[in-house]
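Student: Could you have a look at this structure, given as structure tokens, before my questions?
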Amino acid sequence: MDNRIPAVKMRNITKRFGSVVANDKCWLDVYRGEILALLGENGSGKTTLMNMLSGIYFPDEGTIAIDGKEVVIASPKDAFDLGIGMIHQHYKLVDVFTAAENIVLGLPGKLDMRTASAKIREICGKYGFEVDPDMKIYDMSVSQKQTVEIVKVLYRGADILILDEPTAVLTPQETDRLFAVLRNMRDDGKAIVIITHKMHEVEDLSDRVAVLRKGQFTGDMLTKNTNAQEMTNMMVGRPVALNINRTEPEDPKPRIQVRDLTVRDMEGTLKLDHVSFTACSGEILGIAGISGCGQKELLEAIAGLQPVETGDISYVESDGSEESLIGKDPLDIKKMGVALSFVPEDRLGMGLVGSMDLGDNVMLRSYSEGNSVFTDRKKSYKVARGIVEYFDVVTPSVETPVRRLSGGNVQKVLVGREIVNAPKVLLTAYATRGLDINSSYQIYETISEQKRKGVAVIYVGEDLDVLVELCDRILVLCGGRVSGVVDGRKTNKREIGAMMTRLGGEGRG
Ligand SMILES: Nc1ncnc2c1ncn2[C@@H]1O[C@H](COP(=O)(O)OP(=O)(O)OP(=O)(O)O)[C@@H](O)[C@H]1O
Ligand SMILES: [Mg+2]
């Protein structure tokens, strides 16, 4: 029994979008001085529930009390006045302004940038942020932009903070830094809600967890009294197996041969420096490396989307004959069976059109492959229905505009669309970004199934635990060079982590 008065008390909150019940008589308590992890599968209503606290949506039914007093939150301004601040997945900053300008933007009263900068520095010092108030947003990394968003809500006096999947686009190091700040804010008495799909983050950071399932509150408990398996079962509503079935590669044959590959990005920075390796059929080759160390350029170079300075990339036929991919049109490379599925930081930013429905998005894909727009309509809806069924995409129908889908469901479509084309080589990056834990395991199984079908899979991912469980071999990049290739069955997270930050592994494999 908890006798404290919660900072936030939501009761019987219901929110409908047409026929979709996003929240169904939902409960939630959040206390000061705690970090609450809000859990649930993709589409379970987490973002919607928090949007009603931050004044973006208004509940159809139910009550909200702040510090024991019932309130009406009809706008973001109402939320701010109550000390509630939300950091959304898509940042809302003005690119050409500085950090300080963004932070004070829209505040009433006369603008005094000197005072503002001083106050920003004070907030940063207090909680351990690093922000340069005079830096322009367009010069910032994703993590710096996120910091500006957080300082912005603190500047406005927020003491109830909501963060919607803040680590989805951060590197492990940036995540550690964010968590240190969040712990400081908790110890300072703030109430913090974090939405995340990463179980080890829940276990590391949160004091309590609350679980939603299909829009309903299914329970809360202290983090120390539960574990990943129990939380996942609660989210899904039945026991779920959290393991990866890694089979021995069957008759692996070289499929992609990379020799001495050197690539520069658009600014002329060296991204890949004489990289050589072989990817085989029937095998998952993992690529590990700290963020931005050439993984993206590597996959794009293979897919023909990235100019190559020197070196060669060849497609190897089953009889051993080779065909160089250098200088080929990306569409021709795709037709040879090389599929690229790159899940970007902004999922709607790439490859999907938000206003179009699922079927049309699938069709868009086949149209880009040179098929007629008119003949394939029926087929693309059939394919879309297949993707929805296979990946349990939560959507009223394949005619629903993609932007209405929850973030994770959008992404299942993005990955599924590549796999249904039966590729020979599957290049995948950040395939589970934003996906709930159950869906992530579905994706690992899908990728493993591709491998068993003889596909050569090259897998780029950030989660080292998954890399060592899923991949047969792991190529580790460090500063654009290969620091080694290790056997997934013999290595561990620590060895890979060390190789990511220094060159001179033994180059096994
Ligand atoms: N503006 C909207 N219009 C119609 N339906 C919506 C809207 N916003 C959300 N939904 C639907 O409400 C349900 C809950 O969505 P919500 O975004 O809250 O899920 P979530 O738990 O945050 O999922 P994820 O983990 O994927 O981010 C989903 O079925 C979604 O499609
Ligand atoms: Mg969400």
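Student: Check off (1) at pLDDT 95 or above; (2) within 16 Å of ligand 2 (Cβ to nearest atom) for Asp164 and give me the number that stays unchecked.
Tutor: Checking Asp164 against (1) at pLDDT 95 or above; (2) within 16 Å of ligand 2 (Cβ to nearest atom), the one that fails is (1).
Student: Okay, next question. Please enumerate the residues belonging to segment 422-436 that are of a type in the set (A, V, I, L, M, F, W, C), over 14 Å from the mean Cα position of the chain (by Cα) and closer than 24 Å to Leu467 by Cβ.
Tutor: Scanning segment 422-436 gives Val425, Leu426, Leu427.
Student: Does at least one position in segment 422-441 carry a residue that is modelled with pLDDT under 85, crowded, with 20+ Cβ neighbours inside 10 Å and of a type in the set (D, E, K, R)?
Tutor: yes
Student: Being under 27 Å from Arg183 (Cα atoms), at pLDDT 95 or above and not in a strand (DSSP E or B) narrows it down to one of Ala37, Ala79, Ala74, so name that one. Steps first, answer last, please.
Tutor: Details: Ala37 fails: not in a strand (DSSP E or B); Ala74 fails: under 27 Å from Arg183 (Cα atoms).
None of the others qualify; the one that does is Ala79.
Student: If I go through segment 456-482 residue by residue, how many of them are crowded, with 24+ Cβ neighbours inside 10 Å and small (Gly, Ala, Ser)?
Tutor: Qualifying residue count for the region: 1.
Student: Hey, another quick one. Suppose we keep only residues that are crowded, with 19+ Cβ neighbours inside 10 Å and among the charged types (D, E, K, R) within segment 388-421. Which one would you say is nearest to the chain's Cα centre (by Cα)?
Tutor: Lys412
Student: On to the next question. Determine whether Ile13 is assigned to a strand (DSSP E or B), touching a Ser or Thr at 6+ places or on another chain (Cβ under 6 Å), at pLDDT 95 or above and of a type in the set (Val, Ile, Thr). Before you say what the answer is, go through the steps one by one.
Tutor: On the way: assigned to a strand (DSSP E or B): yes; touching a Ser or Thr at 6+ places or on another chain (Cβ under 6 Å): no; at pLDDT 95 or above: yes; of a type in the set (Val, Ile, Thr): yes.
Considered against the rule, which asks whether it is assigned to a strand (DSSP E or B), touching a Ser or Thr at 6+ places or on another chain (Cβ under 6 Å), at pLDDT 95 or above and of a type in the set (Val, Ile, Thr), Ile13 comes out as no.
Yes or no, residue by residue, for (1) within 11 Å of ligand 1 (Cβ to nearest atom); (2) touching an Asp or Glu at 6+ places or on another chain (Cβ under 8 Å); (3) at pLDDT 80 or above; (4) charged (D, E, K, R):
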{"residue": "Arg365", "(1), (2), (3), (4)": "no, no, no, yes"}
{"residue": "Ser368", "(1), (2), (3), (4)": "no, no, no, no"}
{"residue": "Val373", "(1), (2), (3), (4)": "no, no, no, no"}
{"residue": "Lys382", "(1), (2), (3), (4)": "no, no, yes, yes"}
{"residue": "Val388", "(1), (2), (3), (4)": "no, no, yes, no"}
{"residue": "Arg403", "(1), (2), (3), (4)": "yes, no, no, yes"}
{"residue": "Ser406", "(1), (2), (3), (4)": "yes, no, no, no"}
{"residue": "Val413", "(1), (2), (3), (4)": "no, no, no, no"}
{"residue": "Ile443", "(1), (2), (3), (4)": "no, no, yes, no"}
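Student: Please return the ranges of strands (runs of 3 or more DSSP E) entirely within segment 266-336 where 3 or more residues are touching a residue at least 40 places away in the same chain (Cβ under 8 Å).
Tutor: Answer list for segment 266-336: 270-280, 283-288, 310-316.
Student: Kindly check whether there is at least one residue in segment 217-226 that is touching an Asp or Glu at 6+ places or on another chain (Cβ under 6 Å) and among the charged types (D, E, K, R).
Tutor: Checking segment 217-226: not a single residue is touching an Asp or Glu at 6+ places or on another chain (Cβ under 6 Å) and among the charged types (D, E, K, R).
Student: Separate question: Pairs under 7 Å by beta carbon, first residue closer than 20 Å to Ile56 by Cα and touching a residue at least 24 places away in the same chain (Cβ under 8 Å) in segment 89-100, partner away from ligand 1 (no atom under 16 Å from the Cβ) and polar (S, T, N, Q), six or more apart or different chains?
Tutor: Tyr91/Gln146; Leu93/Asn102; Val94/Asn102
Student: Say we look at segment 223-265 and pick out the residues that are assigned to a loop (DSSP other than H, G, I, E, B) and among the β-branched types (Val, Ile, Thr); which of these is surrounded by the fewest Cβ atoms within 10 Å (Cβ to Cβ)? Explain how you work it out, then say what you get.
Tutor: If we filter segment 223-265 for residues that are assigned to a loop (DSSP other than H, G, I, E, B), which is where we start, we get 226-227, 237-253, 265.
If we keep only those that are among the β-branched types (Val, Ile, Thr) too, we end up with 226, 240, 244, 247.
Working: Thr226: 18, Val240: 14, Ile244: 15, Thr247: 10.
Here the answer is Thr247.
Student: Here's something else I'd like to know. Out of all the residues in segment 118-136, which are of a type outside the set (Asp, Glu) and in contact with a helix residue (DSSP H, G or I) (Cβ under 9 Å, 6 or more places away or on another chain)?
Tutor: Of all residues in segment 118-136, those of a type outside the set (Asp, Glu) come to 118-121, 123-129, 131, 133, 135-136.
The answer is Lys119, Ile120, Ile123, Cys124, Lys126, Tyr127, Gly128, Phe129, Val131, Pro133, Met135, Lys136.
Student: Follow-up. Select from segment 167-215 the residues that are within 20 Å of the chain's Cα centre (by Cα), assigned to a loop (DSSP other than H, G, I, E, B) and away from ligand 2 (no atom under 16 Å from the Cβ) and write down the one among them that is surrounded by the fewest Cβ atoms within 10 Å (Cβ to Cβ).
Tutor: Among residues in segment 167-215 that are within 20 Å of the chain's Cα centre (by Cα), assigned to a loop (DSSP other than H, G, I, E, B) and away from ligand 2 (no atom under 16 Å from the Cβ), the one surrounded by the fewest Cβ atoms within 10 Å (Cβ to Cβ) is Thr171.
Student: Name every residue in segment 92-118 that is crowded, with 17+ Cβ neighbours inside 10 Å and out of contact with any strand residue (DSSP E or B) (no Cβ under 7 Å at 6 or more places or on another chain), in order of residue number. Steps first, answer last, please.
Tutor: Narrowing segment 92-118 to residues crowded, with 17+ Cβ neighbours inside 10 Å: 93, 98-104, 116-117.
Leu93, Ala99, Ala100, Glu101, Asn102, Ile103, Val104, Ala116, Ser117 - these are the residues of segment 92-118 that are crowded, with 17+ Cβ neighbours inside 10 Å and out of contact with any strand residue (DSSP E or B) (no Cβ under 7 Å at 6 or more places or on another chain).
Student: Right, another one. Quick one: would you say Leu49 is within 16 Å of ligand 2 (Cβ to nearest atom), within 27 Å of the chain's Cα centre (by Cα) and assigned to a strand (DSSP E or B)?
Tutor: no
Student: Right, next: State which residue is modelled with the lowest pLDDT when the search covers only segment 227-251 and only residues that are of a type outside the set (Lys, Arg) and over 21 Å from Asn42 (Cα atoms).
Tutor: Pass one, segment 227-251, residues of a type outside the set (Lys, Arg): 227-237, 239-245, 247-251.
Narrowing further to those that are over 21 Å from Asn42 (Cα atoms): 245, 247-251.
Numbers: Asn245: 87, Thr247: 94, Glu248: 94, Pro249: 94, Glu250: 91, Asp251: 91.
The residue in question is Asn245.
The values are calculated or read from the model by the stated rules, or taken from the named source; none is laboratory data. Since this is a predicted model, take the numbers as computed values, not measurements. Neighbour counts are summed over all protein chains in view; Cβ atoms, including those assigned to glycine, are modelled from backbone coordinates with ideal geometry.
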